[in-house]
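Peer 1: Quick one: the structure is below, and I'll ask about it shortly.
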Amino acid sequence: MKNEILETKDGLFTVTVTVNGGKTTLSVRNSESLLDALRRHGWKGTKKGCDTGDCGSCTVILNGRPVLGCLTPAVTAHNGEITTIEGLGSVHEPHPLQEAFVEAGAVQCGFCIPGMILSSKHLLDNNPKPTEAEIRRALDGNLCRCTGYVKQVEAVKNAAAKMARGRKK
Amino acid sequence: MPEFIAKPASLKELWKQLPSLPSSRRYLAGGTDLVTADNAGADHSGCWIDIGDLPELRAVKETASSLFIGSAVKISELERSAPVRKWCPVLSAAIPHFASPSLRNMATLGGNAANASPCADGVCALVAEDASVLLALKDARRRLPLKDLFTGPKRTALKRDELILGFEVPKRPHAGAYFKLGPRARFGISKAAVALAAEISGGRVKRAAVALGSVAPVPLYAARTSAWLAGRELSPETAAEAAELIKSEVSPITDARSEAAYRREMCGVLLSRALESAAA
């Protein structure tokens, strides 16, 4: 939100955001979190877990950095660029990370996975060959109650290797 | 969340808007404390003023004698800042212990200080760095030693509407360490934390500053232990004596996160580890 005053209409603000590459306007309540606003507008891949900033399920990439949707007032994302899990790949053309998570058996109940994949994507975008310690640090804020994190760390490693091979081709 | 969120584009605009905003107003920086409090029903502000993008608060600037860190610079930006790594080794050591990567993309040192929790990792490190805090209320500016900003748990010397502009750390080469004990290795609130800044020459401490988190009503500057350390040889005996001394300087309580006696004991352990790492 830069040099702009948002107008309220029936208690709703219209914020302009770019979600997964498409510019759009969202009608949001001033009291609404970005997480709730995204879900209400159909981006339900962003999961609502703890609502206290502890679990990482609601991680989205806002202006190039993973943030927590539950602690971001939606109006403060005005003019922002957002990537949600829907922006990564599709069923027919999954992102290498999505493929690697499935192949490694890193997905059990799946609730933490959108956040985990977005945190991993940010890691690989900035550090294409992370060490295991770097992967674990990047996933510090994404809690999983099903697995022991082993498979997910493996999945990120595999995705990194696969993406490196893709770049060489 | 309040019905009203204001977002001034500059400090000048902020001071202009201020009188027209609802009286129960608070500054919103990264939101990681304030929005959490609000979600838990503990914040009843009628208005938040989003200062997170104010350009005046978003810079890290070096002068001849000090480093200025804007209050709204994200913790993750500090993580990548070369001057911060160079001049604030305690803060740099504390950052990996500061919440999680996504929260570090949101949280700020200004919010960490204004929230005034005794467990604030960033603030505790900055106190050891001998930081001053720069405050502004319209045209009135003042500066305080950061340790004097805190008057109690979640209480500060900030006046109504007074804004934290940033922090100033003197440019003095020193070693730094931050040792924190939480429920997990990472991403947890501390049971006890020790921040140590030390100027060391020839195996001797020239000057030391020790600050502690979660073991007093405020992020605690340990004045007696810091003074005692000056001039001492860096040895296991010194570490052992300092560890005893620090235990008499803290006043931990028993709460949901830990027990008073354990916390007190751990202050000694963490300080001797910090001194050991500074000697290495």
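The values are calculated or read from the model by the stated rules, or taken from the named source; none is laboratory data. Just so you know, these numbers come straight off a predicted model, no measurement behind them. Positions of Cβ are generated from backbone atoms using ideal geometry, with glycine treated the same way; all protein chains shown enter the neighbour counts.
Peer 1: Name the residue, out of B:Lys171, B:Lys159, that is among the charged types (D, E, K, R) and closer than 27 Å to B:Trp48 by Cβ.
Peer 2: So the residue among B:Lys171, B:Lys159 that is among the charged types (D, E, K, R) and closer than 27 Å to B:Trp48 by Cβ is B:Lys159.
Peer 1: Just to check your reading of the model, which residue among A:Thr18, A:Thr25 is in a strand (DSSP E or B), in contact with a Ser or Thr (Cβ under 7 Å, 6 or more places away or on another chain) and away from chain B (no Cβ under 11 Å)?
Peer 2: One residue alone meets the criteria, A:Thr25.
Peer 1: Test of understanding: among A:Gly64, A:Gly115, A:Gly141, which residue is within 14 Å of chain B (Cβ to nearest Cβ), closer than 21 Å to B:Ala107 by Cβ and in contact with a strand residue (DSSP E or B) (Cβ under 7 Å, 6 or more places away or on another chain)?
Peer 2: Within the list A:Gly64, A:Gly115, A:Gly141, the selection yields A:Gly115.
Peer 1: Can you tell me which of (1) in the same structural domain as B:Arg263 (by TED's automatic domain parsing); (2) of a type in the set (Ser, Thr, Tyr); (3) within 30 Å of B:Leu57 (Cα to Cα); (4) without any contact (Cβ under 8 Å) to a residue 60 or more places away in the chain is the one B:Thr225 doesn't meet?
Peer 2: If we test B:Thr225 against (1) in the same structural domain as B:Arg263 (by TED's automatic domain parsing); (2) of a type in the set (Ser, Thr, Tyr); (3) within 30 Å of B:Leu57 (Cα to Cα); (4) without any contact (Cβ under 8 Å) to a residue 60 or more places away in the chain, just (3) comes out false.
Peer 1: Determine if the range A:58-79 includes at least one residue that is assigned to a helix (DSSP H, G or I), over 23 Å from A:Thr25 (Cα atoms), among the hydrophobic types (A, V, I, L, M, F, W, C) and touching a residue at least 60 places away in the same chain (Cβ under 8 Å).
Peer 2: no
Peer 1: Same structure again: Quickly run through the range A:120-147 and pick out the residues that are in a helix (DSSP H, G or I) and either touching a residue at least 60 places away in the same chain (Cβ under 8 Å) or of a type in the set (Phe, Trp, Tyr) (or both).
Peer 2: A:Lys121, A:His122
Residue-by-condition table, conditions (1) within 14 Å of the chain's Cα centre (by Cα); (2) basic (Lys, Arg):
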{"site": "B:Glu162", "(1), (2)": "no, no"}
{"site": "B:Gly166", "(1), (2)": "yes, no"}
{"site": "B:Gly182", "(1), (2)": "no, no"}
{"site": "B:Gly188", "(1), (2)": "no, no"}
{"site": "B:Lys191", "(1), (2)": "no, yes"}
{"site": "B:Arg207", "(1), (2)": "no, yes"}
{"site": "B:Val218", "(1), (2)": "yes, no"}
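Peer 1: Within the set of pairs 6+ apart or on separate chains, which have a first residue in the range B:107-130 that is farther than 19 Å from B:Arg263 by Cα and modelled with pLDDT of 95 or more, a second that is of a type in the set (Phe, Trp, Tyr) and in a loop (DSSP other than H, G, I, E, B), and C-beta atoms under 7 Å apart?
Peer 2: If the second residue must be of a type in the set (Phe, Trp, Tyr) and in a loop (DSSP other than H, G, I, E, B), the pairs left are B:Gly122/B:Phe98.
Peer 1: Would you mind finding the one in B:Lys180, B:Lys154, B:Lys159, B:Lys138 that is within 18 Å of B:Gly213 (Cα to Cα) and not assigned by TED's automatic domain parsing to the domain that holds B:Tyr221?
Peer 2: Going through B:Lys180, B:Lys154, B:Lys159, B:Lys138 in turn, the sole match is B:Lys154.
Peer 1: Let me ask something additional. Just give me the residues in the range B:2-44 being hydrophobic (A, V, I, L, M, F, W, C), closer than 24 Å to A:Leu35 by Cα and in contact with a helix residue (DSSP H, G or I) (Cβ under 7 Å, 6 or more places away or on another chain), in sequence order.
Peer 2: B:Ile5, B:Ala6, B:Leu28, B:Ala29, B:Val35
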